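Here is the structure we will look at.
The values are calculated or read from the model by the stated rules, or taken from the named source; none is laboratory data. Predicted model only: the values in this text are computed from it and were never measured. With ideal geometry, Cβ positions are generated from the backbone for all residues, glycine too; neighbour counts draw on all protein chains shown. Note: areas computed on protein heavy atoms with side chains; ligands, DNA, RNA excluded. Shrake-Rupley method; radii C 1.70, N 1.55, O 1.52, S 1.80 Å.
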Amino acid sequence: MGGHAEERPWLRQHEWDVRLEWGPVGAATVRSDAVVVIDVLRFTTAVDAAVGRGATVFPYRWKDGSAAGFAREVGAVLAGPGGEPGLSLSPISLLALGPGDRVVLPSPNGSTCAAVAAEHGAEVVVAACLRNATAVARWLDRQRAVRTVTVIAGGERWPDGTLRPALEDHLGAGAVVAALADTLSPEARAAADLWHATAPRVAAAIADCASGREQVARGWDGDLRYATEVDASATVPVLRDGAFVDAADQP
């Protein structure tokens with residue numbers, strides 16, 4: 001998927017500790033010790049909500065007919081796409097979860113990036129959003145084994161399936177990068193600059209961007225407000241044995 005860094009030397013980590021790339025191809029191409037996946041509306045915000053309640057979240061590819069069977073195998077509830085009663089990709093719906101609950105959470109963007117990163121050898125895969133950006137950055141700074149980080153902005157999809165860069169994910173990536181005490185690639189530094197410029201009005205900016213307007217049109221205003229509560233969470237969802245769990249107090 002998109003080739004390997006060995007085939008494209010300009011994509012190697014080079015002299016930077018932190019890089020920024022986009023989508024599943026970026027997650028597959030760049031090698032680093034840790035990959036931070038950003039999908040603010042709504043996957044990584046949903047993961048943060050669930051894991052923050054003590055639940056375990058299994059990411060899964062979108063519209064995969066095997067999801068129900070997988071949920072049965074791991075003893076979990078299969079979440080819906082959103083807009084219906086019960087557990088879903090809606091972060092607010094996952095606030096009903098508690099310690100010990102297990103949920104399979106399909107997603108078209110963020111979960112795919114997380115799966116691709118793990119498949120391509122990332123030792124650490126973390127789900128970050130605006131709610132836990134600083135907590136994730138501080139956790140990464142404490143990990144001795146993590147020397148290089150690639151932040152993956154998940155983005156959205158055009159109708160033909162190609163990647164649509166999304167403002168909310170660029171800002172979420174910038175929020176994480178800005179809190180990391182490392183040398184930054186030009187792309188990562190630009191994201192941090194974007195974050196610093198937009199942070200004072202980030203909720204309004206995301207509400208007015210293409211993805212935010214789509215959320216409002218679908219009646220998901222509550223999820224939108226929840227997702228733009230900056231640093232409201234101290235949760236650090238880390239992918240372990242195929243599922244996200246809270247590693248905030250763990251190495």
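As a fraction of the 1.4 Å probe accessible area of the chain, surface on carbon and sulfur atoms comes out at 53 percent. Maximal additional length on extending the R144-A190 stretch stands at 13.9 nm, based on 0.36 nm per residue less the C-alpha distance. In the stretch 57-127, the ratio of gyration radius to Kirkwood radius, Rg to Rh, stands at 0.97 when only Cα atoms are counted. Among DSSP bridges having both ends in the chain, what percentage is antiparallel? Round to the nearest 5. Of the beta bridges lying entirely in the chain, close to 25 percent run antiparallel.
Each principal axis of the stretch 171-251 carries a Cα extent, and these read 40, 31, 21 Å when sorted largest first. Placing a label point 7 Å from the Cα of R53 along the Cα-to-Cβ direction, the residues of the stretch 65-98 whose backbone N falls under 16 Å from that point are 76-98. If you run the Gaussian network model on the chain, springs between alpha carbon atoms under 10 Å, then out of V230, V126, V37 the most flexible one is V230.
Derived scalar couplings between HN and Hα for the stretch 57-71 equal 10, 9, x, 8, 5, 6, 6, 9, x, 8, 4, 5, x, 4, 4 Hz in order, rounded to whole Hz, by the Karplus curve 6.51 cos²θ - 1.76 cosθ + 1.60 (θ = phi - 60°), x for Gly and Pro. Per residue, the chain exposes 43 Å² of solvent-accessible protein surface, assessed with a 1.4 angstrom probe and all protein chains in place. Largest GNM mean-square fluctuation across G52, G80, G23, computed for the chain with C-alpha springs under 10 Å, falls on G80.
Under the simplified labelling scheme, the A181-Q250 pair shows an inter-label distance of 2.5 nm, with each label point 7 Å from Cα along Cα→Cβ.
Within the listed set D64, D141, D33, the Gaussian network model of the chain (springs between alpha-carbon atoms below 10 Å) gives the highest mean-square fluctuation for D64.
The gain in end-to-end length when the A197 to W62 segment is fully stretched comes to 45.2 nm, 0.36 nm per residue minus the alpha carbon separation.
Cα gyration tensor of the stretch 99-149, axes a ≥ b ≥ c as square roots of the eigenvalues: rounded (a/c below 1.5), prolate (a/b > b/c) or oblate? Verdict is oblate for the stretch 99-149.
Overall, the anisotropy analysis places the chain in the rounded class: the square-rooted eigenvalues a ≥ b ≥ c of its C-alpha gyration tensor yield a/c less than 1.5. Does the stretch 52-186 come out rounded, prolate or oblate by the C-alpha gyration tensor, with a ≥ b ≥ c the root eigenvalues, rounded set by a/c under 1.5 and, if not, prolate when a/b is larger than b/c and oblate if not? Because a/c hits 1.5 or more and a/b exceeds b/c, the stretch 52-186 counts as prolate. Taking θ as phi - 60° and the Karplus parameters 6.51, -1.76 and 1.60, the scalar couplings of the stretch 107-112 work out to 7, x, 10, x, 5, 5 Hz in sequence order, x denoting glycine and proline.
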